[in-house]
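Novice: Here's a structure for you.
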Amino acid sequence: MSSDRLGVVEEILTNYRTQVSGKELTLTTTPDEDKERIKLQITKLKTQMQPYEQEYWEILSEQSGSIEISEQEAKVVVAEIVNQVGKIEVSSSTYPDEVLMLLRGIRDKLNQPDKSAAAKLKGIISSIPPFVGIYYEAELDTENFLRTHFPTFTRLIKGTIKKKQLS
C-alpha cells in the first residue's frame, strides 16, 4: 500500500514541480507589473506542495529498512554526501543554522565506523523527514537542494522507488 501511495505522491509532486518551473520560466519574459502576481502563484504552489513532500519522505522513511541498496552503490553515495556536507559547511552563509546542524548530524552518522555503508544510508533516509520540516521553516526547496548537492543520492532514491514499485 505505501509503495503504491509513494508512486502517487511522487507523481503529484512532479506535477507541482512542473507547474512551478513553468511559472519561473514565465517570470523571465513577463512584464514587471505581472511579476509579483506570478511570484505569489509560485509561493502558493510551493505551499500546496508541502504536505505531499512531507508525506513522500515519511513513506520513504517507513520503507527505508526494506529497500535494497547494494554496498557498492551505498559507498559512492556516502562518500558524495560526506564530501558535499564539507563543501556546504564552507559556504555556510548560504543556509540556515538548522540545515547546517542537520547536515553535520547526517555526516556524523555516515562517519560511524561500525556499520556498513548501506546500513548508514538507510539510517540517513529515515532521518530526512526532519529535514523536510526545516524546509517549511527556512523555505528551503528540499528537492532542489538534494538534487543540487547530492545528485547520486537523489538518483539512488528514485531508482530504488522505481524498483520497489515494479516488484
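Every number here is computed from the coordinates shown, using simple stated rules; none is lab data. Bear in mind the structure is a predicted one, so any value in this text is a computation, not a measurement. Quick reminder, even Gly has a Cβ in these numbers, built from the backbone with ideal geometry, and neighbours come from all protein chains shown.
Novice: Taking 7 Å along the Cα-to-C-beta vector as the label spot, tell me the residue 26-residue 112 distance in nanometres, rounded to one decimal.
Specialist: The two pseudo-label positions are separated by 4.7 nm.
Novice: Would you mind getting me the FRET efficiency between residue 82 and residue 33? Use the beta-carbon distance for r and R0 = 35 Å, nearest 0.05. Walk me through the numbers on the way to the answer.
Specialist: On the way: r = 47 Å, r/R0 = 1.35.
My answer for the efficiency is 0.15.
Novice: Okay, next question. Residue 104 versus residue 11, label points 7 Å from Cα toward the beta carbon: distance in nm?
Specialist: Once both label points are built, they end up 4.3 nm from each other.
Novice: Could I ask something else about it? Calculate the FRET efficiency for residue 4 and residue 97 from the Cβ-Cβ distance with a Förster distance of 41 Å, rounded to the nearest 0.05.
Specialist: Details: r = 38 Å, r/R0 = 0.92.
About 0.60, to the nearest 0.05.
Novice: A 22 angstrom limit on the alpha carbon distance is what I want to check against. Which of 120/158; 23/87; 75/109; 122/158; 87/120 exceed it? Could the numbers behind the result be given before it?
Specialist: Numbers: 120/158 18 Å; 23/87 31 Å; 75/109 14 Å; 122/158 14 Å; 87/120 20 Å.
Too far apart for the 22 Å limit: 23/87.
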